[in-house]
Amino acid sequence: TSQTILIKGGTVVNAHHQQVADVFIDNGIVTDVKPNIKVSDEVTIVDATGKFVMPGGIDPHTHLEFEFMGTETIDDFFSGQAAALAGGTTMHIDFVIPVNGSLSSGFKAYVEKAKKSCMDYGFHMAITKWDDTVAREMEIMVKEKGINSFKFFLAYKGALMINDELLLEGLKKCKSVGALAMVHAENGDAVFEGQKRMIELGITGPEGHALSRPPLLEAEATARAIRLAGFVNTPLYVVHVMSVEAMEEIAKARQSGQRVVGEPVASGLVLDDSGLWDPDFYTAAKFVMSPPIRAAGHGKALQAALSTGVLQLVGTDHCTFNSTQKAFGIDDFRKIPNGVNGIEERMHLVWDTMVASGKISVTDYVRITSTECARIFNIYPQKGAILPGSDADIIILNPNSSFQISSNSHHSRSDTNVYEGWIGKGKVEITIAGGRIVWENNELKVKRGSGKYIKMPPFSYVFDGIEKADASYISSLRAPVNRFKGMQ
Ligand code: URP
Ligand code: ZN
Ligand code: ZN
Ligand code: ZN
């Protein structure tokens, strides 16, 4: 049951424009955006005077019901999404993990998990092994199942990690089927070595996690993935950019004209590694994620890169484990399940650190939290905009109100929160998802099963110039060969 809603008198913000206007929502869709819309008495009126009316957040990077490191994330598709809605995020893109390397089995499993959804979602898919079946299944996923992005893990040796040969095969396949290649950029072999060193030194606590995988290993893998994507001539999306060093590789590649997207995540933007050094295991372990949260300074640099367009959009990598699960690694940091929360906090944290501090405009806020994600994954303007015809996924943010973060009040099932105690400016007072008010007066009104799967259409690299670039690359290779032959 959808509602007919009129949002009155707010400042409606899209990525390219803002205006004081009313927004009319009917049957889950935005049908009109203009000043002074007149409606009948039956319509629900929401007064947004003095507030910002913006597209709901889209989180490009989450892990709900993810079986990882011997356990499963504490947030499932219902609790994770309910938390998201309470924080102004109305869509997320989760990572399907193949089952024993089978993409179709992985897809089926995630379709099953996502049946409890209370908001819209899409899927990326991880590629963890390579053979003809995987290659064929990638094509099926793109053509029939609505997946247009594949993630390659260069870390997690012995588990999700793949080698350069597989990465090259994967990049070629992405290019030929019109999918975007994504990469977790850390050198997994070197991380393995770094971990051994820590254990030999007797460093077994959570601080060993960060020490074993320093920024240079993130930079190396980022640079390698960028160069291999350049060699194949296909676009690349680098997930969870956590360090200055990795960001600079992306900056350099973009400056040279390569199509590379960089995604910082909320934790990397606003936290530093001080928590990891807390003498209390549980306090420190909650900050363990990969790549690690870096020393002070990295976050500020990533914020600057985001505000200048070197990085394009913000994710969370929401991947929550409670204290009992984190305690698997109480004697050995290598066994601490990797991941932090953020799906509920991202919209508030980005507003507080980027907009309330004057670093970016409100239109840029919409771009980096919503529109750019929709554009990159080819679902704009169904998502990421408040335009006639767009899905009615909308938030109303009061810039004069404040928010507060605590595990006592958050909606994730986790018993901890890496942003515990954060108080900031700008509060999402109302969330509308699929045309229904799902968050109002600090109360959730969510419905299991109401979320839709959003299929993401493939890209046409062949037509958007890549083929031409390939041809000129090949002729540039041939030129010296031909010259050499001429000399004989
Ligand atoms: O620590 C992390 N990031 N956990 C989630 C898996 C991943 O690498 O994205
Ligand atoms: Zn990752
Ligand atoms: Zn992740
Ligand atoms: Zn509640």
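A short reminder: the numbers here are calculations on the coordinates, not readings from a lab. Source: prediction; values computed, not measured. Quick reminder, even Gly has a Cβ in these numbers, built from the backbone with ideal geometry, and neighbours come from all protein chains shown.
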Subject >> Mean Cα-pair separation over length for the stretch 305-401, i.e. relative contact order, pairs under 8 Å, 6 or more apart, % >> reply: 21
Original post:
What Kirkwood hydrodynamic radius do you get for the stretch 70-135 when you take the inverse of the mean 1/r over all pairs of distinct Cα atoms, in Å?
Top reply: 12.9
Original post:
Amide H of residue 32: which non-local residues (sequence gap of 5 or more, or other chain) have their own amide H closer than 5 Å, using H built in the peptide plane?
Top reply: 24
Original post:
With N residues in the stretch 115-191, what two-decimal value do you get for its Cα radius of gyration over 2.2 N^0.38 Å?
Top reply: 1.16
Original post:
So what does log10 I(q)/I(0) come out to for the stretch 76-207 at q = 0.10, 0.22 Å⁻¹, using the Debye formula with one equal point on every Cα and no solvent?
Top reply: -0.41, -1.19
Original post:
Could you state the per residue volume, in Å³, of the convex hull enclosing the Cα atoms of the stretch 1-122?
Top reply: 135
Subject >> Interchain or long-range residues, amide H under 5 Å from residue 261's placed H >> reply: 236, 237, 238
Original post:
Spin-label point model (7 Å from Cα, Cβ direction): what's the residue 307 to residue 440 distance in nm?
Top reply: 3.6
Original post:
What is the distance, in nm, between label points placed 7 Å from the Cα along the Cα-to-Cβ direction at residue 357 and at residue 471?
Top reply: 4.8
**OP:** With θ set to phi - 60°, apply the Karplus curve 6.51 cos²θ - 1.76 cosθ + 1.60 along the stretch 336-349 and write out the HN-Hα couplings as whole Hz, x wherever there is a Gly or Pro.
**Re:** 6, x, 7, x, 10, 7, x, 4, 8, 9, 3, 4, 5, 5
Original post:
Do any of 113/172; 175/300; 145/175; 300/425; 115/455 go past 26 Å between their Cα atoms, and which?
Top reply: 113/172; 175/300
**OP:** Collect residues whose amide H, placed 1.01 Å from N in the peptide plane, falls under 5 Å from the amide H of residue 340; neighbours closer than 5 in sequence don't count.
**Re:** 319
**OP:** Using DSSP, restrict attention to beta bridges with both residues in the chain and report what percent are antiparallel, rounded to the nearest 5.
**Re:** 50
**OP:** Mind jotting down the distance between the C-alpha centroids of the stretch 1-35 and the stretch 417-475, whole Å?
**Re:** 19
**OP:** Using only Cα positions of the chain, each an equal point scatterer, no hydration layer, compute I(q)/I(0) via Debye at q = 0.07, 0.09, 0.10, 0.14 Å⁻¹ and quote the log10 values to two decimals.
**Re:** -0.36, -0.59, -0.73, -1.40
Original post:
In nm, to one decimal, how far is the residue 105 label point from the residue 27 one, both placed 7 Å along Cα→Cβ?
Top reply: 4.3
Original post:
Roughly how many Å is it from the Cα centre of the stretch 232-252 to that of the stretch 40-80, as a whole number?
Top reply: 27
**OP:** Express in % the proportion of alpha carbon pairs of the stretch 299-432 at distances exceeding 27 Å.
**Re:** 29
**OP:** Compute from the Cα atoms of the stretch 375-464 the Rg and the Dmax, the latter being the longest Cα-Cα distance, and quote both in angstrom.
**Re:** 17.0, 52
Original post:
Under a point-charge model restricted to the Cβ atoms of Lys and Arg (+1) and Asp and Glu (-1), what is the dipole moment magnitude of the chain relative to its Cα centre, in debye to the nearest 20?
Top reply: 1240
Original post:
Along the Cα-to-Cβ line of residue 280, 7 Å from the Cα, sits a label point; which residues in the stretch 58-74 have backbone N less than 20 Å from it?
Top reply: none
Original post:
On the first, second and third principal axes, largest extent first, how far apart are the outermost C-alpha atoms of the stretch 333-403 in Å?
Top reply: 50, 32, 20
**OP:** Kindly write out, for the stretch 8-16 in residue order, the coupling ³J(HN,Hα) from the Karplus curve 6.51 cos²θ - 1.76 cosθ + 1.60 (θ = phi - 60°), rounded to whole Hz, with x marking Gly and Pro.
**Re:** 9, x, x, 8, 7, 10, 10, 5, 10
**OP:** Using 0.36 nm per residue of separation minus the Cα-Cα distance, give me the extension gain between residue 49 and residue 452 in nm, one decimal.
**Re:** 142.0 nm
